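Okay, so here's the structure we're looking at.
The values are calculated or read from the model by the stated rules, or taken from the named source; none is laboratory data. Predicted model, so just to flag it, every value in this text is computed and none were measured. Because the Cβ atoms are built from the backbone with ideal geometry, glycine has one as well, and the counts that use them run over all protein chains shown.
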Amino acid sequence: MTKGVIVPLESARLVEYAVPIPCYVCEGQNNFDAEYCRYCSAPMALAHQANSQKLFPRMVATVGASGVGKTVYLGMLMDMLSRRSKHVQLLARGAFSITLQQTTLAALGRCEFPEKTPNEPDRWNWVHCQIRRPKHRQPMELIMPDMAGEAVLQEVDHPNTFRVIRAFLQKCVGAMVLIDAVKLKESGQSQEFFTMKLISYLGELGDDVKRGWSKKPVALIFTKVDQCEQCAKDPTAFAQTHASGLWQQCEERFRQYRFFAAGVAGACAYRRSLDNGRMHVPLRIEPHGIVEPFEWLLSKLGPGGRR
Amino acid sequence: MRVSRRTIIMGAIGAASGVILGLGWRWAYPPLAAGGGVGLGYVLLEWASCGLCPHNRPPEAPPPDPKPAANPATVKTRMEPADPSDVDALVERMLAHGRYALLLRPQIAVTLSDEQLDRAVTALQEGMALVPDGEVVLGRIDEALDDGQLEEEEIAACEGRVIRVEHFFLDRYPVTNRQFYDFVAGGGYQQIAMWDERIWPAVLDFVDQTGQPGPRFWRDGCYPNGLEDHPVVGVSWYEAVAYARWVGKRLLTDAEWVKAGSWPVCLSPSTRVQRKYPWGDSMERSRVNLWGSGPGGTVPVHEFADGVSVGGVYQLIGNVWEWTRGDFEPVDPFHRDLVLEIPMKSVRGGAFDTYFDNQATCQFQSGETAIARKRNVGFRCAVGACDLMLARPTDDFAVPAELESASIEEVQV
């Protein structure tokens, strides 16, 4: 009796194994029960959602140097949009999409910044969400991963080191590039050079002129502007003054770009870490300029829809 | 809407100039058109200059006075010239500018008439709330306060400190733009005696958007139109201290601020009741102007009346952070030491953009550098009850001999 039940089930499983499921990011073929793509380590939940719910979300990149504040920005953005009843609203799809928001807000609530995002792609937090906008009947499906800055830097310096980053950026419909305003102002041009490298990398991704990055919207967001009032006042003027090379690159490479200023902490102090380094500690949380770049990006992406 | 005579005349000139300009244009007669143009330009310039500052505008219908009656300072009183020899006029001016606390100093109060003393006391009662003396617990005790009670062991476990506070009067509302304007227009930034000596070099840099002395976000020495009853923001700690001195008050200590909000009651030697928020132990966002519960900016100081404290103090939580007298204690929630690049002053209460409930409690302390002039930091003032004379002393309670009576001119700076 028992055997009679098991055999057809195992047969079904064998059939499922025989049908490969393409990764939603890199399109590599995976088994149906794989948790992460065997090629790029993106979560296969994205592919399963696309197959089962017939949803084909667009992808938006949030990139920047290590320590620039990508995790805080994305987590805060998610929380702010999911708590608002008017304007743009965000609805997380799948439990895995809430982890980033949860960890970020828990840390900020304790007056701490979240832990650094690990370099391994299978430990990144991916967000799949539905965006509802006033005046738009169709919601928009978006995927926004929180990629480690060091991994992005490695991929930019040595292309194809991280397949997931390259595949993801090729498919993106827009990007939010984060730049540390304090470092840019105080410690020379390392921030500017990294961002210029990144923009150069984006500009040369793909050879399709019509679908290339020159036509995609790019929001350049100066972060930590609570410690840089000059930037908070006029981010475009700040870019022209303190990152003229970057500004020139954007002029040359992108048709749709804009500079923004964002900050999350009202004031900061430091704590000595075990290795005698300094860890920033936010003294209070007062988000400013978090939603505006995202709303601008959405306005450039056009209507939503299932595909 | 009441229309002033000046407006009618300017309107008539404008209309006539317009007609002349039109006729000159139609008849292709340049001198006529030029004359009309000049007239029209004059009228437009007059109107533009009138509209730049709210105080230059001709008075319209009197607006409802939603603000506390303590300081109904009007444009008229601000512009009145001072005559130092006219003591009654000086008293009137000081009352109009909300400087009643100065008048109630025992040295001054004994020189006032009964009617003047009564008015000063009435102004004090309308503008300030009495906070009784007693003990208050300070520290990272919010988690221990979840049940509203504090046991001695809990205080010790949280490294809380029990501090005794004498009774004092506290502003019912944060200082408004209108009130601060009196200080600015009265030459407060030029009166060097009002300022800490160490900050003298920086006072010249405390200017508004147009380079005039005043809060950072003002223009031409005036607050933005329509914000007269909003809390003044864009002021450094030193500007707050100078204003407080000017009105005869001072900034609160941290213990006083927490006591006014949390209204502690000692049930027994080992048990205390102390509120987490002025209205109770759980956050109710409808009572406060924080992120997501308000318009995203400051609101008039009399709004969010449901968030009033037991003593009748408005907006201790929300709207704007408030400078206190104390220094910020650089310790994180886990009692680990923090390093500050520049020493900070303590701010309390949260503001319109404060995101987390646990950062807008009576106990939560944040810090800001003393010369910072932020969009979300304001202040309110206090004065010790023992520093004031609220009734004329009878023979039984004569003014102590050591308190020499001072003339009002001596305190009127």
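Determine whether A:T2 is among the polar types (S, T, N, Q) and at pLDDT 85 or above. Lay out the reasoning, then the answer.
On the way: among the polar types (S, T, N, Q): yes; at pLDDT 85 or above: no.
Taking the combined requirement at face value, the residue does not satisfy it.
For B:K345, state whether it is farther than 21 Å from B:E151 by Cα and basic (K, R). Here the answer is yes, as B:K345 does meet what is asked. Based on this model, can you work out whether B:E239 counts as part of a strand (DSSP E or B) and modelled with pLDDT of 95 or more? Taking the combined requirement at face value, the residue does not satisfy it. Picking from residues in the stretch B:193-222 that are surrounded by fewer than 11 Cβ atoms within 10 Å (Cβ to Cβ) and within 19 Å of B:K249 (Cα to Cα), the one that is farthest from the chain's Cα centre (by Cα) is B:E197.
Among the residues making up the stretch A:269-298, those that are touching a residue at least 40 places away in the same chain (Cβ under 8 Å) and at the interface with chain B (Cβ under 9 Å from one of its Cβ atoms) are A:V281, A:L283, A:R284, A:I285, A:E286, A:P287, A:H288. Under the condition of being buried (at least 16 other Cβ atoms within 10 Å of the Cβ) and outside any strand (DSSP E or B), the residues counted in the stretch A:137-166 number 14. Within the stretch B:251-285, the set of residues being in a helix (DSSP H, G or I) and within 14 Å of chain A (Cβ to nearest Cβ) comprises B:R285 only. For the structure I just gave you, tell me whether A:A265 is assigned to a helix (DSSP H, G or I), under 24 Å from the mean Cα position of the chain (by Cα) and within 14 Å of chain B (Cβ to nearest Cβ). Answer is no for this residue. You will find that of B:L130, B:L112, the residue that is at negative phi, assigned to a loop (DSSP other than H, G, I, E, B) and modelled with pLDDT of 90 or more is B:L112 and no other. Taken over the stretch B:247-267, the criterion of being under 13 Å from B:V137 (Cβ atoms), modelled with pLDDT of 95 or more and among the aliphatic types (A, V, I, L, M) is satisfied by B:A255, B:V258. Given the structure, is B:D353 at pLDDT 90 or above and in contact with a His (Cβ under 8 Å, 6 or more places away or on another chain)? Yes: the conditions hold for B:D353.
Of everything listed in (1) modelled with pLDDT of 90 or more; (2) surrounded by 19 or more Cβ atoms within 10 Å (Cβ to Cβ), the single unmet condition for A:R132 is (2). Counting only residues that are touching a strand residue (DSSP E or B) at 6+ places or on another chain (Cβ under 7 Å) and modelled with pLDDT under 90, the stretch A:183-201 holds 1 of them. The set of residues from the stretch B:190-208 being part of a loop (DSSP other than H, G, I, E, B) and modelled with pLDDT of 95 or more comprises B:F206, B:D208. The set of residues in the stretch B:290-303 being crowded, with 18+ Cβ neighbours inside 10 Å and in contact (Cβ under 8 Å) with a residue 60 or more places away in the chain consists of B:L290, B:W291, B:T298, B:V299, B:P300, B:V301.
Taking the stretch B:304-341 as the range and being on the phi > 0 side of the Ramachandran plot and surrounded by 23 or more Cβ atoms within 10 Å (Cβ to Cβ) as the test, the residues that pass are B:Q315, B:G318, B:N319.
Under the condition of being over 10 Å from B:Y100 (Cβ atoms), hydroxyl-bearing (S, T, Y) and surrounded by 14 or more Cβ atoms within 10 Å (Cβ to Cβ), the residues counted in the stretch B:110-127 number 1.
Confirm whether B:A89 is modelled with pLDDT of 95 or more and either in a helix (DSSP H, G or I) or not charged (D, E, K, R) (or both). Quick ask: steps written out before the conclusion?
On the way: modelled with pLDDT of 95 or more: no; either in a helix (DSSP H, G or I) or not charged (D, E, K, R) (or both): yes.
No; evaluated as a whole, the condition is false for this residue.
So, restricting to strands (runs of 3 or more DSSP E) that lie completely within the stretch B:303-381, which ones have at least 3 residues that are away from every other protein chain (no Cβ under 11 Å)? Walk me through it before giving the result.
Working: elements: B:321-327, B:344-348, B:365-369.
Because the criterion is at least 3 residues that are away from every other protein chain (no Cβ under 11 Å), the strands (runs of 3 or more DSSP E) in the stretch B:303-381 that meet it are B:321-327.
Of the residues that sit in the stretch A:206-255 and are in a helix (DSSP H, G or I) and small (G, A, S), which one is modelled with the lowest pLDDT?
A:S214
Only a single criterion out of (1) surrounded by fewer than 24 Cβ atoms within 10 Å (Cβ to Cβ); (2) in a loop (DSSP other than H, G, I, E, B); (3) at pLDDT 95 or above is not satisfied by B:R178, namely (2). Restricting A:R110, A:R84 to those that are closer than 21 Å to A:H280 by Cβ, within 11 Å of chain B (Cβ to nearest Cβ) and over 15 Å from the mean Cα position of the chain (by Cα) reduces the list to A:R110. Counted as qualifying within the stretch A:27-113 are the helices (runs of 4 or more DSSP H) with 3 or more residues that are not assigned by TED's automatic domain parsing to the domain that holds A:A269, namely A:45-53.
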